[in-house]
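Here the structure is laid out as structure tokens; the discussion comes afterwards.
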Amino acid sequence: MAARKSPLFDTATTLGKIIAFLGISGLAGVLAAGLLVPVAAAAGTGASASLQFFEQLPAELEREALAQPTTIQAADGSLIATLYEENRQPVTLDQVSPTMQNALIAIEDYRYYEHGGVDLEGILGAIASNVSSGTSRGASTITQQFVNNVLIDSARQNGGTVTLSGGGKTVGDKLREMKLAIAVEKELSKDEILEGYLNIVPFSGTTFGVQAASKYFFSVDAKDLNIQQSALLAGLVNGPSAYSPESNPEGALQRRNIVIDAMLTRGKITKEEHDAAIATDLGLNITPTLSGCVGAAQAPYFCDYVTHLILNDPAYGETPEDREKVLFRSGLTIKTTLDSRVQAAAQTAVNETANPDTTDGAVGHTMLSLEPKTGNILSMAQNTRYNPEAAQGNTVLNFNVDEFAGGDPSKSLGGGGGFQPGSTYKPFTVAAWVEAGKALNQVVDGTKKTYPEGDRWRASCMDGGNYVINTPELEGYTPQNYGDQNYRYTTVLDGLAQSLNTITMATAKQLDLCRIRDIAFDMGVHDAGSREGALNPPSVNPPALIGGGVAAAPMSMAKAFGGFANDGTVCEPRALTEVTAVDGTSYPVPATSCKQTISKEVARGVNAATQEVMKAGSGQLLEYGDIPMAGKTGTNDARSQTWFMGYNSGMVTASWVGNWQGEGEGSSLGGLQIGGQVYPEIDGSLIAGPSWARFMQQIPGLYVGTPFTAPPANMINGGQRTAPVSPSRPANPGNGTGTNTGGTGVNSGATGTGETGTGPSTGGTTGGDAGDDGTGGDDGGNG
């Protein structure tokens, strides 16, 4: 043998190639159980140094838990979204087709079941092949490749770096890999190593492991892979990019066929099976698993909200980086409160009203529902596409929620900053009114008037205990009703139903402005853009009472109205019900948290008034089904924001349609395309309200609740009297006269016609918000 001319020992140049392949100047000694013999005995002290270095290398492979996708689920278990850095679905070896196992072993390490982790015969064969052919053939066993992938994965998880390719590895890299491979062979069985390798190895992009790869390329489970599919995947592990069947189908086919040839050579398939497999095309059925909220199956903005909750919670890690690791790598199963039925109905209504393809890019529309008795979030729909790319109709801003949790700028919620609520803020004045012992049927002066400069309004929380009108440029404050009409004496109940600003001002003048503010704030209304470490309450000034004193998120408005629906008990909005990791770790989730904020009687008084909105006010033309409902429309003064709050004891919904790109002058929705049309009037009763009605029509029988309990009789009837005719209006502008009902302060005359709708006349004095005698739009907030 010694006299045989072998290319292995022919020249010094050949020896240099051998040494380059091994990656050391003198690799000597024995690698556990004699698997690697000395190949450079003449290296002298160099070999001794290598052996000493080798002995000092770690002998145990420290394995991190493999990254697995997180799933967010609705209450019924349906998928909301999958989140991952690496799309991996670990399987046991018996869940992998034997054909796949054979294909991998045939092409990567056909002596796998014969060596102990490092294959001397394979190394020598690779050296001979490389020297004689000038090519670069590797000799890493499956065990070594497993070790290498574990090291890469560990480095990735811990922010380190690792050499991926054999050509770039140092002496230490190669020695470490070999020693760890031998250690792994002592610790794990061959089947366990093969299983680990099949689950960790990358196949394409973010697709890791044989099960995820089978699903991605062929839409089949790993246990069902046939010969040609197995060969394609086995060929990919050598170069996921180089042999990608998507970007390089010809190269992938050639590589696949090489694997099929190897399977025949190693006796894993018959000649007939070989020929049949070679004759097939790639047979791809690409089925990607979309990652993140961009690829959500439903409710992408709710998905975004859930991810922010996790990333803000120290229970998932001390640092933001720790929490991201848990969220995207720990295989969490996040169960939520979302009702997929309600969500689907909300999304349909939102898309029908303001589809992004037929709607101006500045127009947003949301539909958010809560369960009043639990705070459970049932839906969170939005008309825009959840997409960070700059294009009309795209945004990742969630209009439903605050910018920051609790006003803490370190805890983003991804919110859009909120919007003026218009007249949906008025029920808080009614709450303060009945809390003060005043009756809903009490008549107040709603005629047009100016509150002069220096006029004092009781405000116990302010210096001096008063708010002083200070508008020198206007010479006082003159609230106006929508259309600058409907100025009259009428009941507080009717004033809310018809959304008359002058009635709201007249009631507030008899109250403590701070108490109105405090009721709204305690029930959940606050500045959605709060960022100074605490939530900012609404303003304390008269214009704020008709909706201009705070930019509120739909979530906070729904929370507050949920308090009315729940007899004065306000429940914190709740999204999470259970969070567990794949390793069994269970994470805490917020329990239902409710607090009695206003008395039951006060809440019932408000509910009586908001039900009147649906019976004889700005909500009476909405066709939403047979369920008794309460509600309130809202439109801000700039006509850039429209709202409808609809609720019963089973569900409260905030419907908002508005300009999310700005407030104030020039921001009106007037003239903008909304769902392919331009609305002649911008009003909550005409845009946000009908969208809510379409939503309700789709979910009959869901969350119907129980009828509201009536308030005490004196809360309605006290101080009642027939409303006198306003001196600024004709005695009977309707088509008939009616008699006061006494119980509710709403007359029952004949039918009258208003500017934007028709409805029952109220004795010629009560009509719609925008109409003289019929039901019309909301007042527009005027502030």
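A few notes on this one:
- Screening Lys448 on (1) over 43 Å from the mean Cα position of the chain (by Cα); (2) loosely packed, with under 15 Cβ neighbours inside 10 Å shows it passes everything except condition (2).
- The range 369-383, residues that are within 23 Å of Glu663 (Cα to Cα) and over 13 Å from the mean Cα position of the chain (by Cα): Asn383
- Of all residues in the range 75-105, those satisfying the criterion of being of a type in the set (A, V, I, L, M) and in a strand (DSSP E or B) are Leu79, Ile80, Ala81, Leu83.
- Flag for Thr307 being more than 30 Å from Ser154 (Cβ to Cβ) and either of a type in the set (Val, Ile, Thr) or surrounded by fewer than 24 Cβ atoms within 10 Å (Cβ to Cβ) (or both): no
- For the range 245-259, the set of residues classified as in a helix (DSSP H, G or I) and either without any contact (Cβ under 8 Å) to a residue 60 or more places away in the chain or open to solvent by 20 Å² or more (accessible area, probe 1.4 Å) (or both) consists of Pro249, Glu250, Gly251, Ala252, Leu253, Gln254, Arg255, Arg256, Asn257, Ile258, listed by residue number.
- Flag if Ala344 is closer than 26 Å to Gln697 by Cα, under 18 Å from the mean Cα position of the chain (by Cα), open to solvent by 30 Å² or more (accessible area, probe 1.4 Å) and of a type in the set (A, V, I, L, M): yes
- With respect to the conditions (1) at negative phi; (2) modelled with pLDDT of 95 or more, Asn636 lacks only one, and its number is (2).
- Among residues of the range 583-609 that are within 17 Å of Gly524 (Cα to Cα) and of a type outside the set (Gly, Ala, Ser), those with a beta-carbon under 6 Å from a residue that is part of a helix (DSSP H, G or I) and open to solvent by 20 Å² or more (accessible area, probe 1.4 Å) at least six positions away or on a different chain give the pairs Thr597/Asp522; Val602/Glu435.
- So Ala242, is it open to solvent by less than 30 Å² (accessible area, probe 1.4 Å) and among the small types (Gly, Ala, Ser): no
- Residue ID - nearest to the chain's Cα centre (by Cα), chosen from residues in the range 319-336 that are more than 20 Å from Ser154 (Cα to Cα) and open to solvent by 10 Å² or more (accessible area, probe 1.4 Å): Lys335
- If you check Gln68, Gln101 for being surrounded by 14 or more Cβ atoms within 10 Å (Cβ to Cβ) and at pLDDT below 95, only one passes: Gln68.
- Exactly one residue out of Ala297, Ala279 is among the hydrophobic types (A, V, I, L, M, F, W, C) and farther than 30 Å from Glu572 by Cβ, and it is Ala279.
- Meets criteria (among the acidic types (Asp, Glu) and either without any contact (Cβ under 8 Å) to a residue 12 or more places away in the chain or surrounded by fewer than 18 Cβ atoms within 10 Å (Cβ to Cβ) (or both)) for Asp339: no
- The set of residues in the range 260-279 being buried (at least 17 other Cβ atoms within 10 Å of the Cβ) and among the β-branched types (Val, Ile, Thr) consists of Ile260, Ile269.
- Residue match in the range 555-562 (condition: surrounded by 22 or more Cβ atoms within 10 Å (Cβ to Cβ) and among the charged types (D, E, K, R)): yes
- Flag for Gly646 being at pLDDT 95 or above, open to solvent by 10 Å² or more (accessible area, probe 1.4 Å) and in contact with a helix residue (DSSP H, G or I) (Cβ under 7 Å, 6 or more places away or on another chain): no
The values are calculated or read from the model by the stated rules, or taken from the named source; none is laboratory data. Nothing here was measured: the structure is a model prediction, and the numbers come from that model. Positions of Cβ are backbone-derived with ideal geometry, glycine not excepted, and every protein chain shown enters the neighbour counts. Each accessible area value is taken on the protein alone, full model and side chains, heavy atoms only, with ligands, DNA and RNA left out. Shrake-Rupley method; radii C 1.70, N 1.55, O 1.52, S 1.80 Å.
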